[in-house]
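Every number here is computed from the coordinates shown, using simple stated rules; none is lab data. No experiment lies behind these values; they were computed from the predicted model shown. In this analysis, Cβ positions are derived from the backbone assuming ideal geometry, glycine residues included, and neighbour counts consider all displayed protein chains.
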């Protein structure tokens, strides 16, 4: 009996040692072996301009600039289910920024998710996607950041709950969910498709929002664009592969390009977090890159629809009657008595897949907090929708949305009052 216990302990210790070795090898080996010094020569102006453009592609300023603060000086809070992470100072200040970083340190941060001292970085910084960034693009980004005015602003300590605030927990997470991947062109695909794949999968990190995450924030596959709820924001990033959500396989390329460049097209309008992406990033991209992203998105393998309209439950007649009256009172003036909308101004609600998606988070968000497309160079004065959070109680929000989702040949499940209440109370402002 004692011998079995001893053997069991030996096997357990061996398994534990093996697990520790796997975690160490995948995260810490070589973590602080870069010793080259930061360059002193100023980069060429064209290299700086290229880096500035790539920073637009990655929308880097959004997370690394505090509202009202100096560009790229950090301090912006990013709420997560595990606590708050603060964007770091990327200006070339020697004490608080990246002034003492080398190009190799910066490249490793992008591609491996490790800081200058080898410390593991939290994946709020999306190195899970940035690992695909080429060395040349990483160098251009670094040269651009070096050209910025240095700002002395100490980085704020992240406020994460235990054990998520430990390097060990982060190392375990990385072992399970992160493996550096380099982009390789597919020779069977067009040049546009390969460029689009590089941008969407890598620097533009579209999957950071459009991929579902598990309870630990892990993604099944960073190239999966099948949709997911954005943590802490209660916006749903719809599937880019499903025709019933945000798939564009049947769109004209010109319509996809227009949506990315202006925030609106004959087929759709962006709202919420995607409006920020268009506002700060995609509207500034070169037409060739927008075309490449459109080509890639149009050719995504199609995903099956999530629901069968024949199986959708019917709403109670009293709820539909109440919702109809609310629609007539608050919505019909813009969206039309039959949900027909006004072309170029107010979206059609009849047959609109954004209305009939199984996930109703975005509809609730728009009714409560308003819907505001971005003001872009191609659409400088967009029409918006006012918020109704102080006008409609949760039961009315649920009723009017249920009416819209059940009218004009729309066939979608009712919206419950409970779901509206939960979303209203949990959305972070």
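Assorted remarks:
- In plain terms, the C-alpha convex hull of the stretch 34-177 casts an average shadow of 8.5 nm² when viewed from every direction.
- On Cα atoms only, tilt of 167-177 relative to the major axis of the chain in degrees: 60
- Ordering of 45-55, 196-206 by packing [mean C-beta count within 10 Å, highest first]: 196-206, 45-55
- Distance between the stretch 171-187 and the stretch 200-244 - C-alpha centres, whole angstrom: 16
- Span from the the stretch 335-379 Cα centroid across to the the stretch 102-152 one, whole angstrom: 38
- Largest GNM mean-square fluctuation across 113, 228, 217, computed for the chain with C-alpha springs under 10 Å, falls on 217.
- Compared with the alpha-carbon gap, the fully stretched path from residue 179 to residue 389 is longer by 71.3 nm at 0.36 nm per residue.
- 0 to 90° range, to nearest 10: angle between helix 135-147 axis and the chain longest Cα axis: 90
- Label sites at residue 62 and residue 162, each approximated as a point 7 angstrom past Cα along Cα to Cβ, lie 3.5 nm apart.
- To the nearest ten degrees, helix 287-298 and the longest principal axis of the Cα atoms of the chain are 70 degrees apart.
- Cβ-Cβ FRET estimate between residue 216 and residue 425, R0 fixed at 25 Å, reported to 0.05: 0.55
- Ordering of 386-393, 87-94, 413-420 by packing [mean C-beta count within 10 Å, highest first]: 87-94, 413-420, 386-393
- Residue 381-residue 329 pseudo-label distance in nm [points 7 Å out on the Cα-to-Cβ vector]: 3.2
- Label selected from [x] 64, 52, 40; [y] 63, 60, 52; [z] 74, 69, 47, the criterion being Cα extents along the principal axes in Å as computed here: [z]
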